1. For region 26-67, which positions are small (Gly, Ala, Ser) and more than 14 Å from Met1 (Cβ to Cβ)?
2. Can you tell me which residues in region 11-59 are in contact (Cβ under 8 Å) with a residue 40 or more places away in the chain, over 25 Å from Asp72 (Cα atoms) and of a type outside the set (Phe, Trp, Tyr)?
3. Scanning region 1-14 for residues that are touching a helix residue (DSSP H, G or I) at 6+ places or on another chain (Cβ under 7 Å) and of a type in the set (A, V, I, L, M, F, W, C), which turns out farthest from Met58 (Cα to Cα)?
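Derivation of every value follows stated rules applied to the coordinates shown; laboratory data play no part. It should be emphasised that the depicted structure is a prediction, and the values quoted were computed from it without experimental measurement. In this analysis, Cβ positions are derived from the backbone assuming ideal geometry, glycine residues included, and neighbour counts consider all displayed protein chains.
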Amino acid sequence: MSNEFVISLLKDKGFRITKQRKLIVDIILDSNGASCKEIYGKVAAKDRTIGAATVYRMIRLLEDVGILKHIDMISLRT
């Protein structure tokens with residue numbers, strides 16, 4: 001899936017496309033299978049002004065529009 005496709009879909013659904021949203025989408029698309037925490041870490045490394053809540057809201061938005069699929073992961077101790 002391309003960045004342009006995701007941005008276009010969000011625009012079509014009436015969402016504003018901000019610099020922060022573009023950065024988050026770029027990082028998500030480059031982070032196949034990453035956790036929310038990992039995505040936030042990568043976003044914060046590129047732009048310290050973007051908070052965790054913004055990243056988590058964007059992830060939820062992408063789940064709601066069908067771009068991302070939420071998978072619960074359970075870590076087992078051995």
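1. Restricting attention to region 26-67, the residues satisfying the condition of being small (Gly, Ala, Ser) are 31, 33-35, 41, 44-45, 51-53, 66.
Those that are small (Gly, Ala, Ser) and more than 14 Å from Met1 (Cβ to Cβ): Ala34, Ser35, Gly41, Ala44, Ala45, Gly51, Ala52, Ala53.
2. Narrowing region 11-59 to residues in contact (Cβ under 8 Å) with a residue 40 or more places away in the chain: 13, 15, 28.
Remaining after also requiring over 25 Å from Asp72 (Cα atoms): 13, 15.
Lys13 - this is the single residue of region 11-59 that is in contact (Cβ under 8 Å) with a residue 40 or more places away in the chain, over 25 Å from Asp72 (Cα atoms) and of a type outside the set (Phe, Trp, Tyr).
3. Narrowing region 1-14 to residues touching a helix residue (DSSP H, G or I) at 6+ places or on another chain (Cβ under 7 Å): 1, 3, 6-7.
Now drop any that are not of a type in the set (A, V, I, L, M, F, W, C), which leaves 1, 6-7.
Working: Met1: 17, Val6: 12, Ile7: 12 Å.
Only one residue fits best here, namely Met1.
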